Amino acid sequence: MDKFDSLTLREKVMVIVMCALIVLFILWQFIFTPLRQFHNAAEQAQTRAQNDRAYIEKNISLINLAAAPKGREPFSRRELLEMTRRVGIERVSRIQPQPNGDIKVWIDDVLSEQIFSLVQNIDAQYATRVTGAQISRQEGGLISAQMSFAVTLSE
């Protein structure tokens, strides 16, 4: 404090103004700006969630997760492999039967259109439903999918 007291009035004013500017800069840079960015990100996430909800509400009548319509063929591992070849999927990484009777399939490095065609064709032709799906995008636009299908549904 002795150094500050030894300063002239002009120097004291300059030091006080400089300290005030530093405090304002710190408040702006490390408090206000991150809060504003967090608020913008939260608003964008909320908007995306509202759009997703509106899309699902609009199309929920097209998605029947409870059961497949009657009159379709029974579904098994053989039909799954046949359908993958039909939609152009050359290789299935893994097929594993589940204790509850489902079939879990892993498909890697394919186009998204092939996965969606596979699910759409299986849904249209066989008495089954997708009981779980995890799809991730790889580099180069290819995707990997892990899906579970119910083998047969009670009619």
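The values are calculated or read from the model by the stated rules, or taken from the named source; none is laboratory data. Note that the structure is a prediction, hence the values are computed from the model and not measured. Ideal geometry is used to build each Cβ from the backbone, glycine not excepted, and the neighbour counts take in all protein chains shown. The area values use the complete protein model at the heavy-atom level, side chains included, leaving out ligands, DNA and RNA. Shrake-Rupley method; radii C 1.70, N 1.55, O 1.52, S 1.80 Å.
Worth a mention:
- Output for segment 111-144, where each listed residue is within 18 Å of residue 98 (Cα to Cα), open to solvent by less than 50 Å² (accessible area, probe 1.4 Å) and free of Cβ contacts under 8 Å to residues at least 40 places away in the same chain: 132
A quick yes/no check of all residues on (1) under 16 Å from residue 85 (Cβ atoms); (2) within 19 Å of the chain's Cα centre (by Cα):
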| residue | (1), (2) |
| --- | --- |
| 100 | no, no |
| 107 | yes, yes |
| 110 | yes, yes |
| 125 | yes, no |
| 137 | no, yes |
| 141 | no, yes |
